[in-house]
Amino acid sequence: MPTPSRPRLRLPLRPLTLCSALLCLPAPWAQAAETPTSQQADSQRQTYNIGPGPLVTVLNRFAEQSTVFVAGHNDLAAGKQSPGLRGRYSVEQALQQLLQGSGLQAQAVSGGYVLQALPAHSGPLQLGTTQVSAQGLGAVTEDSHLYTTGASASATGLNLSLRETPQSVTVITRQQMDDQGTSSIADTLRRAPGVSVQNYDSERWEFSSRGMPITNFQYDGVNTTYDGVYDYGTTSTDMATFDRVEIIKGATGLMTGSGDPSATVNLIRKRPTREFKASVTGTVGSWDNYRSEGDISGPLTESGNLRGRFVGVYQDRSSYLDHYQNTKDIAYGILEADLTPDTLLTVGLDQQNTRSRGATWTGFPMYFSDGSRTRFSRSFNPATDWSRRDFNNQTLFTSLEQQLAHDWTLKVSYDRLRRQHDTLLGSASGGNPNPTTGDGMFMYMGKFKGEQIQDNLDINLHGPFSLFGREHELIAGFMLMNAKQDIPVHGSVYPPVGGSIYQWRGEFAKPDIPKIGDNDILQRQTGAYLATRLKPTDDLAVILGTRVSDFKGIDNTHYIDPTRADVRLRYQQTGVVTPYAGLIYDLNDTYSVYTSYTNIYQPQMSKDVSGKLLDPVEGDSYEAGIKAEYLDGRVNASFAVFRIEQDNVAQLVSGWSTEGIYKPIEGSTTKGFEVEVAGELREGWNLSAGYSYNHTRDANNDYVYGSVLQTTAPQQVARLFTTYRLSGAWERLTLGGGVNWQSDFFGKVFQPDPNDPVNGGHDSRITQDSYYLVDAMARYQFNSHLSSTLNVKNLFDKQYYTGLGNFGTGFYGEPRSLQLTTRWDF
């Protein structure tokens, strides 16, 4: 039987033409839909602005705005929720969106509509040939089959469409993750438009956007601390439990308080569904990669007022690196309860455990002792066979959402994160080997353990209000983040390898690394924020916001050795104001122009040569551009130019990471532009594409290097991925592929010089030339339950560096790999 599909209005489409800015699309896309039928339908549409909430309340607001009578909804709709409605719709389209997932349908009668229960086994809700738009599907991307979403609140806290948000927003949907075969956050972000990825080593990655590291990570909009050195497993997060990833480009101080003006990555969790659904998935791949995944969701009571979902994952895999092994197990559970028709309680637990053996600490040396370049194979693993990084991350989260009078909502959210890492590392990465004998290397060895407890509280109130005869929106809230780390200090040792690196097989005795002290770190941030979306006219929206934050940080290290002085560092800033302003003007029903501004503020723990903490990073971020929505929101496109100005950016002078000496860089300026298009170009054809360019220099027009990797970020990044479901006799087959290209980047690496007896050498610059990686996929839908997807990554087996400069070493990117995933949907 043919694969079930969503109801659609089938319209003739002309071939797609992409212009240089990807925004000159009205001729092939918009005009293709301008048939007499669609023109007539558009004349019957009107614009709605109805937030999500209880179905009774939402239908009442719909009746007020549309003047359409909906009979019989008070009893049938009681206790049910609606995703709301934002955008331009016909009456039938609006009702289909409002009733999504409710088990109800609207039947046209004389004078209006009457609400009815859907017949059993009736399949998807249908109202004639109504087209379902991306906005009609709401913010949830699961089962939408799209590469875009209808709404996002990540930038301002206000639930806005991408076109209404005055910043660049990239959304990686559940469908796109499944199509690309990505199961980790690193795999997902390395294919995201505008994002580049570099490796510290086998377990840790650095993500960059607009030329700067990404240090802001959120889960359902709740902030979490990020330490790029110890990491605590953030960059190993598995994606099985998430509906989508929203990447807000630029500074996001309004919602995050502090952070680098690169981007904020907001991971949105899967939610329970109102109808039963379940799936089991099995994956096999290159290097003995085996993964199993189960996902079950649905109502737990007959009325559906209690819903639950559980996701479980187990994965065991090796690697292209010799003697490397990694396992992970994940358990995710979430409950939603309608305590009353106006009160929603959510409780959940997310447990992610990751264990690795043969884990590297940095990479391989880039130079021989005579100053010539090394040529290690991609499979070379400098780690010992016992070298490990183990992460255990547990998140307990809960929220209570109360619908108030006049469509206002009060929401209280609380998360408690407990993150543990247990690390014992040994890596033959130090020194520069003799080119003939391979002798002269030494080990990097260290023992690191730690536990972090983080509590997050967010209370916000939002809703509409009337002023000067027009309706506007307001959100006011308070955030508290308190994170405490307890870290026993064991230090590091550097014994010689004791033989030729050419004979290295990972065999080396475990060291006895005694405890030398304790390190206690406290980070606290509180912030009160206020944002409003004013609508002076139908075509103009002005978003104004501000945040007032307090920051406190304590970093104390106590050494057991009484002759070694303890280290006590502390910073505290109060009343830090972060303003935000955005303006969006609708040129017509398709295009909007926008501009935005926000302040930058980032406390830092980097120290100068005297041991004093550097002053916070401060600056300004500006952005302007044009956005477009095509095909009723199923395609979103944007073009943005930006300028970022910062002072006090930390630049490593000597030493390593937390023990390093830094200097502040003044006048760091980043400027550039981005262009992106994502969505469903026509039925069964999805596309995600983007290009970004950034130019970052300091006041002296010099490069600004990363403080840990000691590299630059690539100035240009291009991403493209597309899939197409064939028609006719081949309608069960979906084919897809993508290209990931980035320009060159380079790192600082010490190069030995036998002719320099004083310094022994000098810092040199190693360049990774621009490169492209090609991915391919194919999916076959055997029936409505069973499908198999084949993914080939790095199809042409390109060899390239994905990390440079960490402790003067390099790290190769992953060779070609194959992955076969089979899924059964119940």
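The values are calculated or read from the model by the stated rules, or taken from the named source; none is laboratory data. Please read these numbers as outputs of a predicted model, since none were measured by experiment. Note that each Cβ is placed from the backbone with ideal geometry, even for glycine, and that neighbours are counted across all protein chains shown.
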field: Search result, residues across region 174-189 that are more than 13 Å from LYS328 (Cβ to Cβ) and part of a loop (DSSP other than H, G, I, E, B)
entry: GLY181, THR182
field: Residue in region 353-364 that is farther than 30 Å from ASP797 by Cβ, touching a strand residue (DSSP E or B) at 6+ places or on another chain (Cβ under 6 Å) and part of a strand (DSSP E or B) present
entry: yes
- prompt: Out of region 536-553, which residues are in contact with an Asp or Glu (Cβ under 7 Å, 6 or more places away or on another chain) and surrounded by fewer than 18 Cβ atoms within 10 Å (Cβ to Cβ)?
  reply: ASP539
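Give the number of residues within region 758-808 that are on the phi > 0 side of the Ramachandran plot and among the acidic types (Asp, Glu). First the steps, then the outcome.
Going through region 758-808, the residues on the phi > 0 side of the Ramachandran plot turn out to be 760-761, 794, 797, 805, 807-808.
Remaining after also requiring among the acidic types (Asp, Glu): 797.
Adding up the residues that qualify gives 1.
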- request: Report yes if some residue within region 372-388 is free of Cβ contacts under 8 Å to residues at least 60 places away in the same chain, out of contact with any helix residue (DSSP H, G or I) (no Cβ under 6 Å at 6 or more places or on another chain), in a strand (DSSP E or B) and closer than 30 Å to GLY450 by Cα; otherwise report no.
  value: yes
statement: Within region 782-797, restricting to residues that are assigned to a loop (DSSP other than H, G, I, E, B) and among the polar types (S, T, N, Q), the one that is surrounded by the most Cβ atoms within 10 Å (Cβ to Cβ) is ASN794
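Just give me the residues in region 267-310 being touching a Phe, Trp or Tyr at 6+ places or on another chain (Cβ under 9 Å), polar (S, T, N, Q) and over 26 Å from ASN326 (Cβ atoms), in sequence order.
Restricting attention to region 267-310, the residues satisfying the condition of being touching a Phe, Trp or Tyr at 6+ places or on another chain (Cβ under 9 Å) are 267-270, 276-284, 286-287, 290-299, 309-310.
Subset that is polar (S, T, N, Q): 279, 281, 283, 286, 292, 297.
Result: SER297, single match.
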query: Taking interchain pairs and intrachain pairs at least six residues apart, which have beta carbon atoms under 6 angstrom, with the first residue in region 179-195 and under 11 Å from SER236 (Cα atoms) and the second outside any loop (DSSP other than H, G, I, E, B) and polar (S, T, N, Q)?
result: ALA186/THR235
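Condition first: hydroxyl-bearing (Ser, Thr, Tyr), at pLDDT below 90 and within 37 Å of the chain's Cα centre (by Cα). Can you find one or more residues in region 553-573 that meet it?
Applying the first criterion (hydroxyl-bearing (Ser, Thr, Tyr)) to region 553-573 yields 557, 559, 563, 571.
Applying the additional criterion that residues be at pLDDT below 90 yields 571.
If we keep only those that are within 37 Å of the chain's Cα centre (by Cα) too, we end up with 571.
Within region 553-573 (the criterion being hydroxyl-bearing (Ser, Thr, Tyr), at pLDDT below 90 and within 37 Å of the chain's Cα centre (by Cα)), the answer is yes, since at least one residue qualifies.
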message: From the list GLY553, GLY499, exactly one residue is out of contact with any Lys or Arg (no Cβ under 6 Å at 6 or more places or on another chain) and either assigned to a loop (DSSP other than H, G, I, E, B) or free of Cβ contacts under 8 Å to residues at least 40 places away in the same chain (or both). Which is it?
response: GLY499
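The rows are residues; the columns are (1) assigned to a strand (DSSP E or B); (2) more than 30 Å from ALA778 (Cα to Cα).
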| residue | (1), (2) |
| --- | --- |
| GLN646 | yes, yes |
| LYS663 | yes, yes |
| THR670 | yes, yes |
| VAL675 | yes, no |
| GLY690 | yes, no |
| TYR703 | no, yes |
message: Being of a type outside the set (A, V, I, L, M), surrounded by fewer than 16 Cβ atoms within 10 Å (Cβ to Cβ) and under 30 Å from GLY761 (Cα atoms) is the requirement here; does PHE442 meet it?
response: yes
- prompt: Tell me, which residue of region 695-724 that is over 25 Å from GLY808 (Cα atoms) and at pLDDT 95 or above is nearest to the chain's Cα centre (by Cα)?
  reply: ARG719
field: Hey, LYS627 modelled with pLDDT of 95 or more and of a type in the set (Lys, Arg) or not
entry: yes
message: Filter region 491-528 down to the residues that are of a type in the set (Ser, Thr, Tyr) and either in contact with a Ser or Thr (Cβ under 7 Å, 6 or more places away or on another chain) or loosely packed, with under 14 Cβ neighbours inside 10 Å (or both) and list them by number.
response: TYR494, SER500, TYR502, THR526
- request: Select from region 763-781 the residues that are more than 25 Å from the chain's Cα centre (by Cα) and closer than 30 Å to ARG373 by Cβ and write down the one among them that is surrounded by the most Cβ atoms within 10 Å (Cβ to Cβ).
  value: GLN768
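For the structure I just gave you, tell me whether GLN646 is without any contact (Cβ under 8 Å) to a residue 40 or more places away in the chain and of a type outside the set (Asp, Glu). Give the derivation first.
Details: without any contact (Cβ under 8 Å) to a residue 40 or more places away in the chain: no; of a type outside the set (Asp, Glu): yes.
So GLN646 fails the test.
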field: Pairs with Cβ under 7 Å, 6+ apart, first in region 206-223 and on the phi < 0 side of the Ramachandran plot and outside any strand (DSSP E or B), second surrounded by fewer than 23 Cβ atoms within 10 Å (Cβ to Cβ) and of a type in the set (Ser, Thr, Tyr)
entry: THR215/TYR226
